[in-house]
1. Among His130, Phe42, Pro83, whose Cα lies farthest out toward the positive end of the dipole of the range 12-149, if unit charges sit on the beta carbon of Lys, Arg (+1) and Asp, Glu (-1)?
2. Determine the equivalent ellipsoid of the range 32-139 by diagonalising the alpha-carbon gyration tensor, then write out the semi-axes as square roots of 5 times the eigenvalues, largest first, rounded to whole Å.
3. Calculate, in nm to one decimal, what Asn85 and Phe41 gain on full extension: separation in residues at 0.36 nm each, minus their alpha carbon distance.
4. Along the Cα→Cβ direction, 7 angstrom out, place labels at Gln64 and Glu93. What is the inter-label distance in nm?
5. Taking a label point 7 Å from the Cα of His27 along the Cα→Cβ vector, which residues of the range 78-118 have an amide N closer than 18 Å to it?
6. What ranking of Arg102, Arg77 emerges when the number of other C-beta atoms within 10 Å of each C-beta is taken as an exposure proxy, fewest first?
7. Can you give the charge dipole size of the range 12-149 about its Cα centre, rounded to the nearest 20 debye, using +1 on the beta carbon of Lys and Arg and -1 on the beta carbon of Asp and Glu?
8. Computed FRET efficiency, Cβ-Cβ of Met152 and Thr53, R0 22 Å: what is it to the nearest 0.05?
Amino acid sequence: MTDRASVPDTPEAITRTSVLAFFAADHVAVSENKMYVNGGFFNLLRFPVFPATLATLGIGAVLQIPFQDTMQNHLFRIGLRGPENQELPVRVEGGFRTVPSRDAEFGEANIAPFGVTIPNVQIPAPGAYHLVLWLDNQQIATYRMRAFQVPMVVSAGQPVPRGPGE
């Protein structure tokens, strides 16, 4: 069997940046072009009271950058929108440039993984929240999570065993 590159359906298929993954997790880190994820792809946030604090919010994104966009500067931004579409004070910004590896074939797209873990994220009220990903000032992906209130259960603990005749 020989390796054959498949013919793209349209020219846009090889000339646009693709979002291969964009998600929430408990923890996300990237090292040596590999993404390490704990507790990934949740979409429900359960809290007994609001406002609430999410101990950690990991955010992962994997972009496929087309060949013609390598060796160019790119800007990304990740934000969090609240139930009323308001921008919350969760914001990650950065710049990057992809470079073909020595092993890349001519015309091959590059993979660009990003991961960040933010501590103590404030969730002000129940409702739908959206992580939003922008690349070069264009929104390219969203990830929806829903926060809701769960009843608080108060436990009095186990009854103390009593001896005979008590």
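The numbers here are math on the coordinates, done by the rules we state, and not lab data. All of these numbers come straight from a predicted model, not from anything done at the bench. No Cβ is skipped: glycine too gets one built from the backbone with ideal geometry, and neighbour counts run over all protein chains shown.
1. In the range 12-149, that residue is Pro83.
2. Details: eigenvalues 210, 45, 21 Å².
So the three semi-axes of the range 32-139 are 32, 15, 10 Å.
3. Numbers: separation 44, 0.36 × 44 = 15.84 nm, distance 2.13 nm.
Between Asn85 and Phe41, full extension yields 13.7 nm more.
4. 3.0 nm
5. Counting only backbone N, you get 114-118.
6. Going from least to most buried by this count: Arg102, Arg77.
7. The calculation lands at about 420 debye.
8. Numbers: r = 15 Å, r/R0 = 0.70.
That pair, Met152 with Thr53, gives E of 0.90.
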